[in-house]
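First up is the structure itself, then whatever we jot down about it.
The values are calculated or read from the model by the stated rules, or taken from the named source; none is laboratory data. Values in this document were obtained by computation on a predicted structure and should not be read as measured data. Glycine gets a Cβ as well: all are built from the backbone with ideal geometry, and neighbour counts include every protein chain shown.
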Amino acid sequence: SKVPPIILNNGVEMPQLGFGVWQVPDDEAERAVTTALEAGYRSIDTAAIYGNEEGTGKAIAGAGVPREDIFVTTKLWNGDQGYDSTLRAFDVSLEKLGLEYIDLYLIHWPLPARGTYVDTYKAFEKLHADGRIRAIGVSNFLPEHLQRLIAETSVIPAVNQIELHPHLQQHASREYHAEQGIATEAWSPLGQGKGLLEVPAIVAIAQKHGRTPAQIVLRWHLQLGNVVIPKSVTPSRIKENIEVFDFSLDDEDLAAISALNEDRRIGPDPATFDVA
Ligand code: NAD
């Protein structure tokens with residue numbers, strides 16, 4: 001495969017680069033995921049709340065790629081937290097995706113004020129023990145949420161998927177994950193493509209390597225060890241975003257990008273975010 005894997009803490013292999021489908025309507029998701037699978041992506045990141053598990057599942061079914069060669073992630077939405085409701089929501093996601101198992105299931109947000117993520121995760125542990133999920137993890141968890149989860153449950157999360165890009169480098173989380181053997185997965189790895197891809201330091205590195213700014217930012221993540229899931233619905237960009245395994249950034253490039261940290265979020269603060 002084009003994309004090398006990382007080995008999760010339970011031995012499962014996960015492609016280090018995948019395809020994200022947030023904000024892709026269900027009818028477009030089939031086309032976008034099909035394009036991504038044709039381009040060589042073998043990891044797809046969806047979520048119940050994205051409303052495109054059906055389109056994603058159709059693309060997977062129609063791709064002519066063996067199921068075991070595709071790594072599928074979906075996420076449990078906030079309103080379904082709790083033990084029994086998680087078991088039910090998992091069945092709905094599986095049904096929509098048209099799959100027999102999920103590779104990675106994530107708790108989408110911690111919702112710390114509700115205090116339900118431990119019970120939710122215990123349902124994940126049951127689904128994992130039953131062989132219906134290959135790896136279980138979380139998203140948007142701060143180190144304090146992970147600490148509580150690890151203290152009160154038995155399976156250390158394989159992955160924490162968090163907002164992470166050059167303007168929000170998440171040093172404390174990355175360090176804590178490394179200590180605990182949790183893989184760091186970057187959402188909005190391109191900073192949603194807004195100002196980040198026009199930052200002069202990134203444009204200069206792109207010119208130096210004869211690459212695009214998006215490829216430079218993705219390469220920075222990969223060399224740091226992050227899993228990335230860039231999103232695009234434009235076929236040329238879908239292809240461009242996976243063509244990042246045939247060049248390397250040097251130490252000077254990495255340092256110049258690391259100097260861009262502003263600890264600035266695009267998305268919500270996990271400590272307070274709570275919508276059903
Ligand atoms: P992203 O950083 O991947 O940016 C996507 C945008 O960047 C595109 O819409 C496009 O405008 C632009 N872009 C993409 N490729 C480009 C290229 N080659 N050149 C120029 N512009 C380009 O942002 P995202 O979609 O927010 O994040 C990626 C994925 O992360 C999502 O699709 C989703 O799967 C996941 N995600 C998860 C959470 C969570 O709470 N767990 C939140 C947000 C996103």
Consider residue 38 against the criteria (1) among the acidic types (Asp, Glu); (2) away from the ligand (no atom under 11 Å from the Cβ); (3) crowded, with 17+ Cβ neighbours inside 10 Å: it satisfies all of them except one. Which criterion is unmet?
(3)
Look through 184, 120 and report the one residue that is closer than 26 Å to residue 230 by Cα, among the hydroxyl-bearing types (Ser, Thr, Tyr) and within 16 Å of the ligand (Cβ to nearest atom).
184
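Report whether or not residue 175 is without any contact (Cβ under 8 Å) to a residue 12 or more places away in the chain and either under 30 Å from residue 90 (Cα atoms) or surrounded by fewer than 22 Cβ atoms within 10 Å (Cβ to Cβ) (or both). Before the answer, list the steps.
Details: without any contact (Cβ under 8 Å) to a residue 12 or more places away in the chain: yes; either under 30 Å from residue 90 (Cα atoms) or surrounded by fewer than 22 Cβ atoms within 10 Å (Cβ to Cβ) (or both): yes.
Yes: the conditions hold for residue 175.
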Across region 164-182, what is the total count of residues that are within 19 Å of residue 199 (Cα to Cα) and within 14 Å of the chain's Cα centre (by Cα)?
2
Single match in 112, 143 (criterion: modelled with pLDDT of 95 or more, within 16 Å of the ligand (Cβ to nearest atom), more than 20 Å from residue 266 (Cβ to Cβ) and surrounded by fewer than 19 Cβ atoms within 10 Å (Cβ to Cβ)):
112
For residue 61, indicate whether it is within 13 Å of the ligand (Cβ to nearest atom), of a type in the set (A, V, I, L, M, F, W, C) and part of a helix (DSSP H, G or I).
no
Could you tell me which of the residues 96, 122 is assigned to a helix (DSSP H, G or I), at pLDDT 95 or above, under 15 Å from residue 44 (Cβ atoms) and not small (Gly, Ala, Ser)?
96
Does at least one position in region 65-72 carry a residue that is buried (at least 20 other Cβ atoms within 10 Å of the Cβ), within 12 Å of the ligand (Cβ to nearest atom) and assigned to a loop (DSSP other than H, G, I, E, B)?
no
Could you look through region 199-219, keep only residues that are part of a helix (DSSP H, G or I) and within 10 Å of the ligand (Cβ to nearest atom), and pick out the one that is farthest from the chain's Cα centre (by Cα)?
213
